[in-house]
Amino acid sequence: MKIALINASPKPAFSGSGLLLAEMRKSFPKDAELVCYELRRKNISEFTVKELIGMDAWVIFIPLYVDALPSHLLSCLMQIESAAPKKRIKVYGVINCGFYEGEQTDVAFSVIRNFCTRCGFDFYGGLGIGGGGILSMNQMLAKQKHNKIGILIRLRALAGKVARGERYPLRYTSVNMPEKVYKLGAEATWRIVNVLNGNKLKDIGRKY
(Lines give C-alpha, C1' and ligand atoms only; values in the text may rest on other atoms or scores of the structure.)
Protein backbone atom coordinates (compact mmCIF):
# COMPACT_ATOMS: atom_id res chain seq x y z
CA MET A 1 0.00 0.00 0.00
CA LYS A 2 1.33 3.42 -0.99
CA ILE A 3 1.01 6.02 1.77
CA ALA A 4 1.45 9.77 1.27
CA LEU A 5 2.62 11.80 4.27
CA ILE A 6 1.64 15.39 3.49
CA ASN A 7 3.06 18.38 5.34
CA ALA A 8 0.51 21.14 4.74
CA SER A 9 2.20 23.87 6.80
CA PRO A 10 3.20 27.02 4.89
CA LYS A 11 6.38 27.25 6.99
CA PRO A 12 9.54 26.12 5.14
CA ALA A 13 11.16 24.74 8.31
CA PHE A 14 10.56 23.95 11.99
CA SER A 15 6.79 23.76 11.69
CA GLY A 16 4.77 21.77 14.18
CA SER A 17 3.23 19.81 11.31
CA GLY A 18 6.64 18.93 9.90
CA LEU A 19 7.90 17.79 13.29
CA LEU A 20 4.83 15.62 13.85
CA LEU A 21 5.24 14.09 10.40
CA ALA A 22 8.89 13.26 11.07
CA GLU A 23 8.05 11.64 14.40
CA MET A 24 5.16 9.59 13.03
CA ARG A 25 7.25 8.45 10.06
CA LYS A 26 9.60 6.66 12.46
CA SER A 27 6.67 4.63 13.81
CA PHE A 28 5.76 2.92 10.52
CA PRO A 29 7.00 -0.61 9.76
CA LYS A 30 10.26 -0.70 7.82
CA ASP A 31 8.56 -2.18 4.77
CA ALA A 32 5.90 0.55 4.58
CA GLU A 33 5.88 2.37 1.23
CA LEU A 34 5.96 6.03 2.29
CA VAL A 35 6.22 9.14 0.11
CA CYS A 36 6.50 12.60 1.70
CA TYR A 37 5.05 15.75 0.16
CA GLU A 38 5.05 19.43 1.10
CA LEU A 39 2.09 21.60 0.18
CA ARG A 40 3.26 25.10 1.09
CA ARG A 41 1.86 27.12 -1.81
CA LYS A 42 -1.60 27.65 -3.23
CA ASN A 43 -0.84 25.75 -6.44
CA ILE A 44 0.52 22.27 -6.99
CA SER A 45 1.78 20.75 -10.21
CA GLU A 46 -0.29 18.34 -12.30
CA PHE A 47 2.45 15.77 -11.73
CA THR A 48 2.04 16.03 -7.94
CA VAL A 49 -1.74 15.82 -8.24
CA LYS A 50 -1.42 12.62 -10.29
CA GLU A 51 1.00 11.15 -7.77
CA LEU A 52 -1.29 11.96 -4.85
CA ILE A 53 -4.41 10.47 -6.42
CA GLY A 54 -2.37 7.38 -7.23
CA MET A 55 -1.80 6.71 -3.52
CA ASP A 56 -3.82 4.31 -1.41
CA ALA A 57 -3.80 6.45 1.74
CA TRP A 58 -2.96 9.98 2.83
CA VAL A 59 -1.98 11.36 6.21
CA ILE A 60 -2.31 15.16 6.08
CA PHE A 61 -0.46 17.15 8.76
CA ILE A 62 -2.16 20.52 9.15
CA PRO A 63 -1.76 23.60 11.37
CA LEU A 64 -5.00 25.21 12.52
CA TYR A 65 -5.53 28.68 11.01
CA VAL A 66 -8.53 30.64 12.36
CA ASP A 67 -10.26 27.41 13.40
CA ALA A 68 -9.94 25.91 9.91
CA LEU A 69 -7.38 25.03 7.23
CA PRO A 70 -4.72 27.38 5.83
CA SER A 71 -6.01 29.10 2.67
CA HIS A 72 -3.22 27.69 0.49
CA LEU A 73 -4.24 24.16 1.46
CA LEU A 74 -7.86 24.84 0.54
CA SER A 75 -6.66 25.93 -2.90
CA CYS A 76 -4.63 22.72 -3.28
CA LEU A 77 -7.56 20.56 -2.22
CA MET A 78 -9.78 22.27 -4.80
CA GLN A 79 -7.24 21.40 -7.50
CA ILE A 80 -7.22 17.78 -6.36
CA GLU A 81 -11.00 17.70 -6.24
CA SER A 82 -11.24 18.75 -9.89
CA ALA A 83 -8.96 15.85 -10.87
CA ALA A 84 -10.21 13.26 -8.39
CA PRO A 85 -10.56 9.80 -9.95
CA LYS A 86 -13.16 7.15 -9.30
CA LYS A 87 -10.95 5.67 -6.62
CA ARG A 88 -11.25 5.24 -2.89
CA ILE A 89 -8.35 6.83 -1.02
CA LYS A 90 -8.14 6.50 2.76
CA VAL A 91 -7.57 9.97 4.24
CA TYR A 92 -6.31 10.59 7.79
CA GLY A 93 -5.64 13.95 9.42
CA VAL A 94 -3.22 15.16 12.08
CA ILE A 95 -4.20 18.72 12.96
CA ASN A 96 -2.32 20.75 15.58
CA CYS A 97 -3.28 24.07 17.11
CA GLY A 98 -1.90 26.63 19.53
CA PHE A 99 -4.94 26.28 21.76
CA TYR A 100 -4.51 24.00 24.76
CA GLU A 101 -7.52 21.88 23.83
CA GLY A 102 -7.17 19.49 20.91
CA GLU A 103 -10.96 19.69 20.43
CA GLN A 104 -10.42 23.12 18.82
CA THR A 105 -9.50 21.24 15.63
CA ASP A 106 -12.99 19.77 15.22
CA VAL A 107 -14.18 22.32 12.62
CA ALA A 108 -11.06 21.73 10.52
CA PHE A 109 -11.74 18.00 10.55
CA SER A 110 -15.24 18.75 9.26
CA VAL A 111 -13.63 20.47 6.27
CA ILE A 112 -11.50 17.38 5.60
CA ARG A 113 -14.58 15.17 5.84
CA ASN A 114 -16.45 17.36 3.36
CA PHE A 115 -13.49 17.27 0.97
CA CYS A 116 -13.45 13.46 1.11
CA THR A 117 -17.20 13.34 0.40
CA ARG A 118 -16.80 15.61 -2.63
CA CYS A 119 -13.96 13.51 -4.03
CA GLY A 120 -15.38 10.10 -3.20
CA PHE A 121 -12.51 9.45 -0.79
CA ASP A 122 -12.88 7.79 2.62
CA PHE A 123 -12.21 9.80 5.77
CA TYR A 124 -10.54 7.31 8.09
CA GLY A 125 -10.09 9.43 11.20
CA GLY A 126 -7.23 11.29 12.77
CA LEU A 127 -5.74 13.12 15.69
CA GLY A 128 -6.42 16.65 16.93
CA ILE A 129 -3.50 18.00 18.96
CA GLY A 130 -3.62 20.92 21.37
CA GLY A 131 -0.66 22.79 22.82
CA GLY A 132 1.05 22.99 19.43
CA GLY A 133 3.11 25.95 20.55
CA ILE A 134 5.35 23.57 22.48
CA LEU A 135 6.26 21.70 19.29
CA SER A 136 7.67 24.70 17.46
CA MET A 137 9.26 26.16 20.59
CA ASN A 138 11.39 23.04 21.09
CA GLN A 139 11.99 22.64 17.34
CA MET A 140 12.42 18.91 17.92
CA LEU A 141 9.73 16.58 19.17
CA ALA A 142 12.43 14.46 20.81
CA LYS A 143 13.10 17.20 23.36
CA GLN A 144 11.15 17.21 26.63
CA LYS A 145 9.30 14.01 25.78
CA HIS A 146 7.58 14.04 29.16
CA ASN A 147 5.50 16.99 27.91
CA LYS A 148 4.44 15.09 24.79
CA ILE A 149 4.09 11.50 25.90
CA GLY A 150 0.35 11.40 25.12
CA ILE A 151 0.96 12.86 21.65
CA LEU A 152 3.72 10.34 20.92
CA ILE A 153 1.61 7.37 22.01
CA ARG A 154 -1.31 8.39 19.84
CA LEU A 155 0.92 9.10 16.84
CA ARG A 156 2.36 5.60 17.08
CA ALA A 157 -1.13 4.11 17.35
CA LEU A 158 -2.25 6.09 14.31
CA ALA A 159 0.78 4.96 12.30
CA GLY A 160 -0.11 1.35 13.02
CA LYS A 161 -3.69 1.86 11.85
CA VAL A 162 -2.58 3.61 8.65
CA ALA A 163 -0.06 0.86 7.84
CA ARG A 164 -2.82 -1.74 8.15
CA GLY A 165 -5.39 0.35 6.27
CA GLU A 166 -7.69 0.50 9.28
CA ARG A 167 -9.90 3.27 10.62
CA TYR A 168 -8.68 5.35 13.55
CA PRO A 169 -11.48 6.94 15.60
CA LEU A 170 -11.05 10.72 15.67
CA ARG A 171 -9.32 11.54 18.93
CA TYR A 172 -8.02 14.62 20.67
CA THR A 173 -4.98 15.06 22.88
CA SER A 174 -2.76 17.80 24.25
CA VAL A 175 0.60 18.42 25.89
CA ASN A 176 1.21 16.78 29.25
CA MET A 177 1.19 19.90 31.41
CA PRO A 178 -1.44 21.93 33.25
CA GLU A 179 -3.32 24.43 31.11
CA LYS A 180 -2.23 27.33 33.34
CA VAL A 181 1.45 26.43 32.89
CA TYR A 182 1.04 26.22 29.11
CA LYS A 183 -0.72 29.59 29.02
CA LEU A 184 1.97 31.27 31.15
CA GLY A 185 4.68 29.89 28.87
CA ALA A 186 2.87 31.11 25.75
CA GLU A 187 2.39 34.60 27.15
CA ALA A 188 6.05 34.81 28.20
CA THR A 189 7.11 33.82 24.67
CA TRP A 190 4.90 36.53 23.16
CA ARG A 191 6.56 39.13 25.36
CA ILE A 192 10.04 37.99 24.33
CA VAL A 193 9.14 38.02 20.62
CA ASN A 194 7.55 41.45 21.03
CA VAL A 195 10.81 42.89 22.43
CA LEU A 196 12.94 41.10 19.81
CA ASN A 197 10.85 42.78 17.12
CA GLY A 198 11.75 46.20 18.48
CA ASN A 199 8.58 46.89 20.44
CA LYS A 200 8.02 47.60 24.11
CA LEU A 201 6.01 45.58 26.60
CA LYS A 202 3.55 48.43 26.97
CA ASP A 203 2.70 48.06 23.26
CA ILE A 204 0.97 44.76 24.00
CA GLY A 205 -2.78 45.31 24.02
CA ARG A 206 -2.53 48.81 22.52
CA LYS A 207 -5.62 49.76 20.49
CA TYR A 208 -4.91 51.13 17.02
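Among THR173, THR105, THR189, which one moves the most in a GNM of the chain with springs linking Cα atoms closer than 10 Å?
THR189
How many percent of the accessible area of the chain is carbon or sulfur, using a 1.4 Å probe?
Details: 6110 of 11210 Å².
Within the chain, the accessible surface is 55 percent carbon and sulfur.
Along the positive direction of the dipole of the chain (beta-carbon charges: Lys, Arg +1; Asp, Glu -1; about the Cα centre), which of TYR37, THR189, TYR124 reaches farthest?
Of TYR37, THR189, TYR124, it is THR189.
Calculate log10 I(q)/I(0) of the chain for q = 0.08, 0.13, 0.18 Å⁻¹, where I(q) comes from the Debye formula with a single equal point scatterer on each Cα and nothing for solvent.
Log10 I(q)/I(0), no solvent term: -0.28, -0.72, -1.27.
Could you check the spin-label model distance between ARG171 and MET1? Points 7 Å from the Cα along Cα→Cβ, value in nm.
My value for the distance between the label points is 1.7 nm.
So how much slack lies between LYS202 and VAL66, counting 0.36 nm per residue of separation and subtracting their Cα-Cα distance, in nm?
On the way: separation 136, 0.36 × 136 = 48.96 nm, distance 2.60 nm.
So the chain would gain 46.4 nm between LYS202 and VAL66.
Figure the gain on full extension for GLU51 and ALA83 (residue separation times 0.36 nm, minus the Cα-Cα span) and round it to one decimal in nm. Intermediate values should be presented prior to the final figure.
On the way: separation 32, 0.36 × 32 = 11.52 nm, distance 1.14 nm.
Roughly 10.4 nm would be gained on extension.
Quick check on the chain: helices-only [θ] at 222 nm, where DSSP H runs of length 4 and up contribute -39,500 (n - 2.57) each and the sum goes over total residues. Nearest 500, please. It would help to have the intermediate numbers written out before the result.
Working: 7 runs with 85 residues, N = 208.
After summing the helix terms and dividing by the residues of the chain, the value is -12500 deg cm²/dmol.
Between ASN114 and LYS30, what is the label-to-label distance in nm when each label sits 7 Å out along the Cα-to-Cβ direction?
Label-label distance for ASN114 and LYS30, simple model: 4.5 nm.
Compute, for the chain, the length of the dipole vector about the Cα centre, with Cβ point charges of +1 (Lys, Arg) and -1 (Asp, Glu) only. Units Debye, rounded to 20. Don't skip to the end; give the middle numbers.
Details: 31 positive and 17 negative charges, 60 e Å.
In total the dipole reaches around 280 debye.
What is the spin-label model distance, in nm, from VAL195 to ALA157 if the labels are put 7 Å beyond Cα along the C-beta direction?
4.1 nm
Could you report the chain's accessible area per residue, 1.4 Å probe, as an integer in Å²? Could you put the intermediate results ahead of the total?
Values: 11210 Å² over 208 residues.
Per-residue accessible area for the chain comes out at 54 Å².
The values are calculated or read from the model by the stated rules, or taken from the named source; none is laboratory data. Note that the structure is predicted; figures quoted are calculated from it, not measured. Heads up, the Cβs are rebuilt from the backbone with ideal geometry, glycines too, and the neighbour counts pull from every protein chain shown. For accessibility, only protein heavy atoms count, side chains too; no ligands or nucleic acids. Shrake-Rupley method; radii C 1.70, N 1.55, O 1.52, S 1.80 Å.
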